[in-house]
Amino acid sequence: MSNNKAILTCALTGVLTNPQQHPVPVTPEQMAAQARQAFDAGASIMHVHIRSQQPGLGHMPSWDPDVAQEVVDAIRQACPGVIINLTTGVIGKDISGPLDCIRRVKPEIAACNAGSLNYLKLKKDGTWAWPPMVFDNPVAKVQQFLDVMQECGTHPEFECF
């Protein structure tokens, strides 16, 4: 028996990927179906970005705890025993949405961004995909996430960019 084991994580959508340009899942049903394919291929962790359910806004995040619960319930039903890793990345000081989602869903893992960075993305033609911005993660913000994760029994996944 081999001791070489790997943990496979599937990020179902990535951040801000536009489903009109690339077919990423948006609805709970779509996410569950994609998660099942990854689960069948050996993924044991699903890194989940909850998406807006409003028509035409599927590329935007949603911090609606009801939508988060629907997505996670659908994935868990499709993939018994899967580990949920909920994203928490949010620009700005108001982190109530991600915190509410963690409290509602109580994922096994949630992303914890370890520091701030310049968030830049160029398109093929050399223009900005969106205006350059700071993805701000000061210590106080990180601590708030850690406090809620501890309260919910969620393990932090420290993300370093």
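Just so it is clear, none of the values below were taken in a lab; they were calculated from the coordinates. Just so it is clear, the structure is predicted and the values come from calculations on it, not from any experiment. Cβ placement follows ideal geometry from the backbone for every residue including glycine, while neighbour counts extend to all protein chains displayed.
What is the set of long-range amide H partners of L12 at a cut-off below 5 Å, with H atoms built 1.01 Å from backbone N?
Long-range HN contacts for L12: H47, H49.
Convex hull volume of the Cα atoms in the chain, per residue, in Å³? Present the calculation step by step, with values, prior to reporting the outcome.
Working: hull volume 22.9 nm³, N = 161.
Cα convex hull per residue, to the nearest whole number: 142 Å³.
Using each residue's phi in the stretch 13-25, evaluate 6.51 cos²θ - 1.76 cosθ + 1.60 at θ = phi - 60° and report the 3J(HN,Hα) Karplus result to the nearest Hz, with x for Gly and Pro.
These are the phi-based 3J(HN,Hα) values: 10, x, 8, 6, 5, 8, x, 6, 9, 8, x, 8, x Hz.
Determine, from the Cβ-Cβ distance of E159 and L122 and an R0 of 22 Å, the FRET efficiency 1/(1 + (r/R0)^6), rounded to the nearest 0.05.
Working: r = 21 Å, r/R0 = 0.98.
Between E159 and L122 the formula returns 0.55.
Can you give me the long-range amide H partners of T88? Hydrogens built in the peptide plane at 1.01 Å from N, cutoff under 5 Å, separation of 5 or more residues or another chain.
A111
What does the charge add up to near S62, with Lys and Arg as +1, Asp and Glu as -1, over the other residues with Cβ less than 12 Å from its Cβ? Provide the component values of the computation, followed by the final result.
On the way: positive: R51; negative: D64, D66, E70, D100.
Local net charge: -3.
How far is the Cα center of the stretch 132-157 from the Cα center of the stretch 31-96, in Å?
The stretch 132-157 and the stretch 31-96 have Cα centres spaced 18 Å from each other.
Among I83, I102, I91, which one shows the biggest mean-square fluctuation in a GNM of the chain, springs joining Cα atoms closer than 10 Å?
Per the Cα network of the chain with a 10 Å cutoff, I91 tops the list.
Counting Lys +1, Arg +1, Asp -1, Glu -1, what net charge surrounds K93 among other residues with beta carbon under 10 Å of its beta carbon? Can you show the working numbers first?
Values: positive: K141; negative: D94, D136.
Here the charged neighbours net out to -1.
Mean residue ellipticity at 222 nm from the helices of the chain, using -39,500 (n - 2.57) per DSSP H segment of n ≥ 4 over the full residue count, to the nearest 500 deg cm²/dmol?
Values: 4 runs with 51 residues, N = 161.
Mean residue ellipticity, 222 nm, calculated: -10000 deg cm²/dmol.
With an 8 Å cut-off on Cα pairs and a minimum separation of 6 or more residues, tell me the relative contact order of the chain in percent.
On the way: 271 pairs, mean separation 30.2, N = 161.
Relative CO of the chain lands at 19 percent.
For the stretch 9-159, give the share of DSSP beta bridges that are antiparallel, in percent and rounded to the nearest 5; count only bridges with both residues there.
Numbers: 5 of 19 bridges.
The answer is about 25 percent antiparallel.
Take the chain, connect every pair of alpha-carbon atoms lying under 10 Å apart with a spring to form a Gaussian network, then pick out the residue of V142, V71, V134 with the largest mean-square fluctuation.
V134
With θ taken as phi - 60° and the coefficients 6.51, -1.76 and 1.60, list the Karplus ³J(HN,Hα) couplings across the stretch 155-160 in order, rounded to whole Hz; mark glycine and proline as x.
Each residue's phi maps through the Karplus curve to give 8, x, 9, 6, 9, 10 Hz.
Can you check what the net charge comes to around I83, using other residues whose Cβ is under 13 Å from the Cβ of I83 (Lys, Arg +1; Asp, Glu -1)?
On the way: positive: R76, K106; negative: E108, E157.
So the environment of I83 carries a net charge of 0.
Just to verify a number: FRET efficiency for V139 and Q37, C-beta to C-beta distance, R0 = 41 Å, to 0.05? Intermediate values should be presented prior to the final figure.
Numbers: r = 39 Å, r/R0 = 0.94.
Efficiency, from the Cβ-Cβ distance: 0.60.
Under 10 Å, Cα contacts only: if you run a Gaussian network model on the chain, which one of K106, K123, K141 comes out with the highest mean-square fluctuation?
K123
Which one of P107, Y119, H47 has its Cα pushed farthest toward the positive end of the charge dipole of the chain, where Lys and Arg give +1 and Asp and Glu give -1 at the Cβ?
Y119
Would you work out if the stretch 2-65 is rounded, prolate or oblate? Take a ≥ b ≥ c from the square roots of the eigenvalues of the alpha-carbon gyration tensor; rounded if a/c is under 1.5, else prolate when a/b is larger than b/c, oblate otherwise. Working shown, then result.
On the way: a/c = 2.54, a/b = 2.37, b/c = 1.07.
Prolate is the answer for the stretch 2-65, as a/c is 1.5 or above and a/b outweighs b/c.
Please list, in chain and number order, the residues 5+ apart from Y119 or on another chain whose amide H is under 5 Å from its amide H, with Hs placed from the backbone.
M133, V134, F135
HN-Hα J couplings of the stretch 29-37 from phi, Karplus 6.51/-1.76/1.60, θ = phi - 60°, integer Hz, Gly and Pro as x?
5, 5, 5, 5, 5, 5, 4, 4, 4
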